[in-house]
Amino acid sequence: MKLIRLALLLCASLCFAVSASAASVLQEFLPAATASDLVPGADGFGPVRDDLAAAPVLKGGETVAWAFITSDFVGTTGYSGKPIHTLVAVDKDAKIVGVQLVKHSEPIVLIGIPDAKVKALVAGYAGLDLVAEAKSGGTGHEVDIISGATVTVMVIDDSIVRSGLKVARALGLGGLVSEGDNSGPRFTIDPAATSPSDWTEAEGDGTLRRLSLDVGQVNAAFADNSDARARERAIADAPQTTFIDMQAALVSIPAIGKALLGPAEEANLQNWLAEGDNAIAVMGRGLYSFKGSGYVRGGIFDRIVLIQDDVSVRFRDRDHRRLGSIALDGAPEFNEMDLFRIPAGLGFDPAKPFRIQLLVHREVGPIEKVFHTFDLGYQLPQKYLSVVAPPAKEVAVVADRDEGTAQADLWKRIWNDSKLKIAVLGAMLVVLTGVFFFQTYAVRNAKGFYIFRIAFLTVTLVFLGWYANAQLSVVNLMALFGSLVNGFSWQAFLLDPLTFILWFSLAAALLFWGRGAYCGWLCPFGALQELTNQIARKLRIPQWTLPWGLHERLWPIKYMIFLGLFGVSLMSVEQAEHLAEIEPFKTAIILKFIRAWPFVAYAVALLVAGLFVERFYCRYLCPLGAALAIPARMRMFDWLKRYRECGNPCQSCANQCPVQAIHRTGEINPNECINCLHCQVLYQSETICPVVIKKMKSRAKLAASPGGIPSHQPAAKV
């Protein structure tokens, strides 16, 4: 029973999560805010409302504005996977009178772009008229995009406008009213609608909508830009040259999907969509791509956004599929054909008009760009709709789903989208578990096991690391301790399926085998170190074996680093996350070395050190390895076999251990062992292990004797 309690405690202590506290984000950040810094002349804040995460901004005891945090009302997740918290103040006329960026974890801003530049951009939203934004669908202003931080700025812009409209409507500011108060006919999708017969009919009846721009139109648009360099760098092609011809259709409507995609592809589309999801098909040709290449680096398509009223949808790579062909007769040839999913729960209504906004950029310097937007408007034709009678007034207000239900729907959809990744990781864990349970048979053929291990580490590096970004970090553990203070959320933990599976598997593995199951086999950076060291050996780069006394004194460094980071995290998790850059994982695995040169130089230096001293970083610097080593002695079994002669007199395993985890006395240090199983290969080696060699000679001698080995007498055991 005690062991079970320990196991449960260990599982909980290895999982990280985001706080699920019922308190609003505003309550967390408002005490540190100064009213006069947010709204000039203000002298304080009133209490946060019970029914809305907004607090009055006071001047002489009177309310002059309402303050709120964007993350309380809309999703604000950026490149980092963490929310971008912005404090906004809106006055009684629904005008923004103050904005402050209070917290973010955007790597591109933390590393490459001055934080002051982004904060200055955010402060520039003061004066924005939300009434005008409501009329224009959130695009009544120009977005001042910073080159290199396009997505971050667009997320900030989107969150300020959408959350501002939500608060203004909820409080009735500027005459805005809640959408629930609107009356008029409502529409739903007509399942009996007929499909268009060909491309011409689809264009004629509005099933397909089009945005066509030539070079002359684009040059004219940039000619009005305030930056003179935009006019000077006009496109040199003929004015009538097609810049982009982009067409779109709402293919989640069955009649449209079957016509445009064909029955088979439409069935695949419906299987891809969860209940409540919608999808659009976007096709394009010409000089300009509506996709660009930003999604390859950051997973977000930053050139297009779907806008409907104050709802905006930015598409990520997980919501994207390429479209192989168009089934509708008469379709022209396109350079790009893609499907984009609109997840349920975002507030999108397929029966209402929407538009696809195209962001066009023009380079005006080595790293500087200016931007202009163009809209493709879409209204589902009436033939696909049927009128629905409005609900009775007494039941008109429908309660929003609670956050727990919304999070559950989200993580279930993410798991469903990650089936292939989960299946591959599951197969890797099954294979690795089999190797550990049947290690005697797995390592019997030394050459075969070496090939297997190199192949497994390659899959770990390429698939788990560079493709799936499933690299665990000490930051995860620090986030756990921070979240335990405010409340633990399994829902939030489940949002990253591969991380969840790896941490859960690691918790179990620590009880059976220690930290080596992860560090030696499933850590992408560890795999990168070992693979590069193997290449170095093939190239005959000399290998250095540190003197045992020095090696033993370098061990504690990683424990000191971990304890230092843990201590800092108790005061400031954010500061600890900055210091956790001692881990090269973000640079080498997540960002694939596409980062500022000091970070790349640091990661490369560690890999170079690993060419001479195998797994140099793992041995002496890794705080995650130190954190996992602390409970390593709690494992229930000793799987690694040893002879009585190991250590006295035989030193073969100690001399050949890749990470010098075997003491001169023969004991294996579980805190340092990475379970590479090399010692188990030697344990059965008929050419290296003296005990096995002695046994083989004894058997050969007995077999050569006149009497041989009697059938009733077993071979001598060693």
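The requirement of being farther than 24 Å from Asn469 by Cβ, acidic (Asp, Glu) and touching a residue at least 60 places away in the same chain (Cβ under 8 Å) is satisfied by Glu614.
What residue, among those in segment 281-298 that are at pLDDT below 85 and open to solvent by 10 Å² or more (accessible area, probe 1.4 Å), is nearest to Met337 (Cα to Cα)? If we take residues in segment 281-298 being at pLDDT below 85 and open to solvent by 10 Å² or more (accessible area, probe 1.4 Å), then Gly292 is nearest to Met337 (Cα to Cα). Note on segment 600-704: enclosed helices (runs of 4 or more DSSP H) holding 1 or more residues that are crowded, with 17+ Cβ neighbours inside 10 Å, more than 37 Å from the chain's Cα centre (by Cα) and of a type outside the set (Phe, Trp, Tyr) are 652-656, 678-683, 690-704.
Residue pairs whose Cβ atoms lie under 8 Å apart, sitting 6 or more positions apart in sequence or on different chains, and linking a residue in segment 525-538 that is more than 15 Å from Phe456 (Cβ to Cβ) to a partner that is part of a helix (DSSP H, G or I) and open to solvent by 30 Å² or more (accessible area, probe 1.4 Å), are Thr532/Leu611; Asn533/Leu611; Ala536/Leu611; Ala536/Phe612. Determine whether Ser312 is in contact (Cβ under 8 Å) with a residue 60 or more places away in the chain, under 21 Å from the mean Cα position of the chain (by Cα) and either open to solvent by less than 20 Å² (accessible area, probe 1.4 Å) or on the phi < 0 side of the Ramachandran plot (or both). Answer is yes for this residue. From the list Leu359, Leu339, Leu323, the one residue that fits, being touching a Phe, Trp or Tyr at 6+ places or on another chain (Cβ under 7 Å) and surrounded by 16 or more Cβ atoms within 10 Å (Cβ to Cβ), is Leu359.
Looking across segment 226-252 at every residue that is of a type in the set (Val, Ile, Thr) and over 30 Å from the mean Cα position of the chain (by Cα), the one that is farthest from Glu333 (Cα to Cα) is identified as Ile235. Would you check if Arg314 is modelled with pLDDT of 90 or more and among the basic types (Lys, Arg)? Taking the combined requirement at face value, the residue does not satisfy it.
Among the residues of segment 658-697, those identified as among the hydroxyl-bearing types (Ser, Thr, Tyr) and more than 21 Å from Leu546 (Cα to Cα) are Tyr683, Ser685, Thr687. For Pro263, the conditions (1) closer than 30 Å to Val364 by Cβ; (2) under 34 Å from the mean Cα position of the chain (by Cα); (3) at pLDDT below 95 all hold with the exception of (1). The requirement of being surrounded by fewer than 16 Cβ atoms within 10 Å (Cβ to Cβ), within 30 Å of Ile256 (Cβ to Cβ) and modelled with pLDDT under 90 is fulfilled somewhere in segment 418-431, by at least one residue. The set of residues in segment 212-229 that are under 19 Å from Gln357 (Cβ atoms) and open to solvent by less than 20 Å² (accessible area, probe 1.4 Å) comprises Leu213, Val218, Ala221, Phe222. Tally the residues that are more than 18 Å from the chain's Cα centre (by Cα) and either open to solvent by 30 Å² or more (accessible area, probe 1.4 Å) or modelled with pLDDT under 85 (or both), restricting the search to segment 445-477. Total satisfying the criteria: 11.
The values are calculated or read from the model by the stated rules, or taken from the named source; none is laboratory data. Source: prediction; values computed, not measured. Positions of Cβ are generated from backbone atoms using ideal geometry, with glycine treated the same way; all protein chains shown enter the neighbour counts. The area values use the complete protein model at the heavy-atom level, side chains included, leaving out ligands, DNA and RNA. Shrake-Rupley method; radii C 1.70, N 1.55, O 1.52, S 1.80 Å.
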